[in-house]
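For reference, the structure discussed in these notes is given below.
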Amino acid sequence: MELTPDSRILFEFGFIRLNATIVNTWIVMALLVGVSWLVTRRLRPDTPPGRLRNALEVLVLMIQEQVHAVAQRSVHPVMYFAGTLFLFIATANLLALVPGFRSPTGSLSTTLALTLAVLLAVPIFSIGHGGLGHYLRSFTQPTVLLLPMNILGEFSKAISLSIRLYGNVMSGAVIAAIILSIAPFFFPVVMELLGLLVGLIQAYIFAILATVYISSAMADPKTVAQLENVP
């Protein structure tokens with residue numbers, strides 16, 4: 001039983017090796033770009049929206065409301081970033097229901113790459129919002145004595161985000177394989193529905209945590225320190 005799609009090599013030519021993680025990531029990206037292009041290619045005020053466009057608009061509004069609730073401000077760049085993370089992870093996990101498709105989020109390399117994207121976005125959004133001094137001051141709150149701990153906390157975010165997503169996706173696949181091997185005629189539908197629910201929840205959690213980290217970095221460090229000290 002394959003625990004990760006990294007071990008499945010789909011194409012090899014010389015030193016070039018494409019495993020299932022890379023190929024399936026491209027499939028997810030192509031699907032998202034293709035659907036977006038189909039929906040927006042005839043986007044005009046005088047054209048009535050179709051069902052697919054209405055569904056996507058509802059999804060975008062839901063993402064916008066969630067980001068606004070966390071950030072407490074209208075920050076469209078954060079919405080674009082967090083929404084992209086949610087759509088990618090959710091689509092990758094949903095496609096895992098397709099026979100033969102292994103979700104790229106079941107690979108530690110994919111979850112680590114997504115986490116690094118979040119960690120890079122935190123200083124970028126913070127510096128873009130309040131300047132370099134605003135970002136550096138956040139490491140000295142509530143006191144400069146906590147500077148080493150605050151720096152260590154940034155690295156702990158990478159570990160927690162990547163391991164959480166990877167562990168949940170991989171463990172779900174392993175449990176489903178074990179149960180299906182024991183009782184293949186009773187549990188397939190239930191496990192598929194459970195995998196669908198878990199995949200959406202993990203995409204939501206990852207996107208929300210990314211929004212929380214970015215919003216905290218964009219907030220006033222003194223305000224954040226005061227809120228953290230409230231009992």
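Please report Thr211, Thr4 as a ranked list, fewest other C-beta atoms within 10 angstrom at the top and most at the bottom. Don't jump to the answer; show the numbers that get you there.
Values: Thr211 26, Thr4 20.
Ordered by Cβ neighbours within 10 Å, fewest first: Thr4, Thr211.
Multiplying the residue separation of Glu154 and Leu116 by 0.36 nm and removing their Cα-Cα distance gives an extension gain of 12.6 nm.
Each value in this text was obtained by applying a stated rule to the coordinates, not by laboratory testing. Please read these numbers as outputs of a predicted model, since none were measured by experiment. Every residue, glycine among them, receives a Cβ derived from its backbone with ideal geometry; neighbour counts consider all protein chains shown.
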